[in-house]
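What follows is a short report on a single structure.
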Amino acid sequence: MKSKKPLEIKLERLIAAPPREVFSAWLNPKVPGTPWNMGDKLILQPKVEGLFYWLVSGTPHYGRFTELKRPSIIQHTWMSPYTEGLESTVTVTFQNKGEETLMTLVHSGLPDNDNGKAHIGGWNEFLDAFPKYFRKAGRVKAGRSVRKR
């Protein structure tokens, strides 16, 4: 039986703040638009080998931080019922673009089916909401989509 190639999702946003601020905000559970801000329960240890557990509407998500390089990269594993037992990887990078930050989220190792593709909508929901935090913080520009796949 031939196995399917795992699915990879890549999403980008330009955010009107420097990388250091965007990096810190992404890991802050008090900031709306991050995965850590919503849910019924959260355990978050944002350090290398630190764990997270996130319960949303009865659905558990969990993983382990594998790389944290302030202010440029956050990487962690990701498992939920929608990864169908696969340990997928989420890599978020923050690149300086003048007065803005190019934030790129790559979620790799997902099953190439409806469950894996459901992550596209979920991550877009977060990445559409997250830049609004910076607008409310007095920034002139809001985040905008660069490319959606």
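The values are calculated or read from the model by the stated rules, or taken from the named source; none is laboratory data. Everything numeric in this text was worked out from a predicted model, so none of it was measured. Glycine gets a Cβ as well: all are built from the backbone with ideal geometry, and neighbour counts include every protein chain shown.
Among the residues of segment 34-67, those that are assigned to a strand (DSSP E or B) and out of contact with any strand residue (DSSP E or B) (no Cβ under 6 Å at 6 or more places or on another chain) comprise V56, T59, P60.
Yes or no: G122 under 23 Å from R13 (Cβ atoms), free of Cβ contacts under 8 Å to residues at least 12 places away in the same chain and surrounded by 16 or more Cβ atoms within 10 Å (Cβ to Cβ)?
Details: under 23 Å from R13 (Cβ atoms): yes; free of Cβ contacts under 8 Å to residues at least 12 places away in the same chain: yes; surrounded by 16 or more Cβ atoms within 10 Å (Cβ to Cβ): yes.
So G122 passes the test.
For segment 36-51, the condition holds for no residue, the condition being that it is touching a residue at least 60 places away in the same chain (Cβ under 8 Å) and within 17 Å of D128 (Cα to Cα). Pairing residues of segment 60-72 that are more than 11 Å from G50 (Cα to Cα) with residues that are among the β-branched types (V, I, T) and modelled with pLDDT of 95 or more, at Cβ distances under 7 Å and at least 6 apart in sequence or on separate chains, gives S72/T93.
Does K30 satisfy the criteria of being within 18 Å of T66 (Cβ to Cβ), without any contact (Cβ under 8 Å) to a residue 60 or more places away in the chain and charged (D, E, K, R)? Against the criterion (within 18 Å of T66 (Cβ to Cβ), without any contact (Cβ under 8 Å) to a residue 60 or more places away in the chain and charged (D, E, K, R)), K30 does not qualify.
Could you tell me whether segment 77-86 includes any residue that is farther than 26 Å from G116 by Cβ and loosely packed, with under 15 Cβ neighbours inside 10 Å? No, segment 77-86 has no match at all.
For segment 73-96, the criterion of being under 22 Å from F134 (Cα atoms), in contact with a strand residue (DSSP E or B) (Cβ under 7 Å, 6 or more places away or on another chain), at pLDDT 95 or above and assigned to a loop (DSSP other than H, G, I, E, B) is met by no residue.
A quick yes/no check of all residues on (1) of a type in the set (S, T, Y); (2) closer than 12 Å to W26 by Cβ; (3) more than 15 Å from the chain's Cα centre (by Cα):
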| site | (1), (2), (3) |
| --- | --- |
| T59 | yes, no, yes |
| Y62 | yes, no, no |
| N96 | no, no, yes |
| L102 | no, no, no |
| L105 | no, yes, no |
| N115 | no, no, yes |
| A118 | no, no, no |
| G122 | no, no, no |
| F130 | no, yes, no |
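Mind listing whichever residues of segment 88-128 are out of contact with any Gly (no Cβ under 7 Å at 6 or more places or on another chain) and closer than 20 Å to I43 by Cα? Correct list: V90, T91, V92, G122, W123.
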